[in-house]
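Heads up: the structure comes next, in structure tokens.
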Amino acid sequence: MSEDKHHHIVPYRLYVIVLVALLALTFASIGITSIELGEYTVAAALLFAVIKSVLVLTYFMHLKYDKPYIKLMVAFVFAIFVVVIVITFLDYLYRV
Amino acid sequence: MAEHQHAHIEHPDMYDPESSKIGMWLFIFTELLLFGGLFIVYSVYRYLNADAFHLAAEELNTFIGAFNTVILLVSSMTIAMSTTALQKGHKKVAIALLVITFLIGIGFLVNKYIEWGVKFSHGIWPGSEQMLNEMSQGEILFFGLYFVMTGLHALHIIVGLIIMGFAMRGVANGKVNAKRPSLLDNCGLYWHLVDLIWIFLFPLFYLIH
């Protein structure tokens, strides 16, 4: 039974689809940052990067097919990182 | 006594794919700490020196950065496909895909060499006279971070290639196979991590200007 779980084989086709999506997002992010968006440029670039990394984590790094506790562990670590960034900037933005 | 002896018997076959995977993820978390710290340093300095970072980023070649992004994404796909091939028992396909991934990794490093070479020929390297005399504090910080972060990333590419070499050998001699794919799986996870880091390095250094 556990054999089945360990040997989930991801079809080649799915990887190709994910790659096409990643490349499309890359070109979209190059396109959008070449437009003058002012302060939103950084936000747009980061948004695209986040979407791309979710795709890599989910499909290439196999998290979609992993047990829930591994998904939780990874999500938790990324959440901690986001919290640290937010706290750092709360400090810098509201310094007198 | 018998029990005591039993405790000292070596178990040559301790293969456990699940703990291998957890071990790899724990290692990846430490890598995130390393690069995460640098990303925080980058974002704080960028916030404090917005104009200088804007100006300095213009110096970077978006084309070569984008090219490296594309080939690294392709290499992530080929190594992921290699794990699929191994699970299907297609050993030769798995090796071929690993070789392609390896060559793309080398290609990435060659591009990086060319890119850094151009910077060096313009007199830009950490602590160069050009940097110290003609650049503002913010620009010096930008290029310092650029060299440290892309350099550390390139170092990870080199380590990834070495691990890939071991995975290739394992697949070739049959020690890594459909029933024991952990070395290849973990090699893939590491390579995807390197890709993941680049996904953030690329927009932060090359695109935001």
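Label the protein assembly as shown by shape, choosing from rounded, prolate and oblate, from the square roots a ≥ b ≥ c of the eigenvalues of the Cα gyration tensor; if a/c is under 1.5 it is rounded, and otherwise prolate applies when a/b is larger than b/c, oblate when it is not.
Verdict is prolate for the protein assembly as shown.
Filter the cross-link list B:Lys91/B:Lys112; A:Lys64/B:Lys88; B:Lys21/B:Lys119; A:Lys67/B:Lys175; B:Lys112/B:Lys175 down to pairs whose alpha-carbon distance in this structure exceeds 29 Å.
Beyond 29 Å: B:Lys91/B:Lys112; B:Lys21/B:Lys119; B:Lys112/B:Lys175.
Any chance you could check the Cα centroid distance between the range B:28-107 and the range A:48-70 for me, in angstrom?
Their Cα centres are 15 Å away from one another.
Show me the helices of chain B, taken as full DSSP H stretches, that run 18 Å or more along their long axis by Cα and average 0.0 or above in Kyte-Doolittle hydropathy.
Span-like helices here: B:17-48, B:62-87, B:91-121, B:137-173, B:182-202.
Which whole number of Å³ per residue matches the convex hull of the alpha-carbon atoms in chain B?
So the per-residue Cα hull volume is 143 Å³.
Taking 8 Å as the Cα distance limit and 6 or more residues as the minimum spacing, I'd like the relative contact order of chain B as a percentage.
Across chain B, relative contact order equals 35 percent.
For chain B, modelled as a Gaussian network with Cα springs under 10 Å, which listed residue fluctuates most, B:Leu33, B:Leu155, B:Leu141?
In the Gaussian network model the winner is B:Leu33.
Please arrange A:Arg13, B:Arg46 by counting, for each residue, the other beta carbons lying within 10 Å of its beta carbon, fewest first.
With the fewest neighbours first, A:Arg13, B:Arg46 line up as A:Arg13, B:Arg46.
Cα atoms only: what Rg and Dmax, in Å, come out for chain A?
Rg, Dmax (Cα atoms, Å): 17.8, 60.
In a GNM of chain A with a 10 Å cut-off on Cα contacts, which of A:Phe76, A:Phe60, A:Phe48 has the highest mean-square fluctuation?
Among A:Phe76, A:Phe60, A:Phe48, the largest GNM mean-square fluctuation belongs to A:Phe76.
Kyte-Doolittle mean at least 0.5 and Cα extent at least 30 Å along the axis: which DSSP H helices of chain A qualify?
A:12-34, A:68-93
Loop only per DSSP, at most 16 neighbouring Cβ atoms within 10 Å: give me the trypsin sites (Lys or Arg not before Pro) in the range B:68-145, ordered by residue number. If you can, show how the numbers build up before the last one.
Numbers: sites: B:Lys88, B:Lys91, B:Lys92, B:Lys112, B:Lys119; in loops: B:Lys88.
Filter output for the range B:68-145: B:Lys88.
FYI, it's all coordinate maths here, none of it is from the lab. As the structure is a prediction and not an experimental result, all values here were calculated from the model. In this analysis, Cβ positions are derived from the backbone assuming ideal geometry, glycine residues included, and neighbour counts consider all displayed protein chains.
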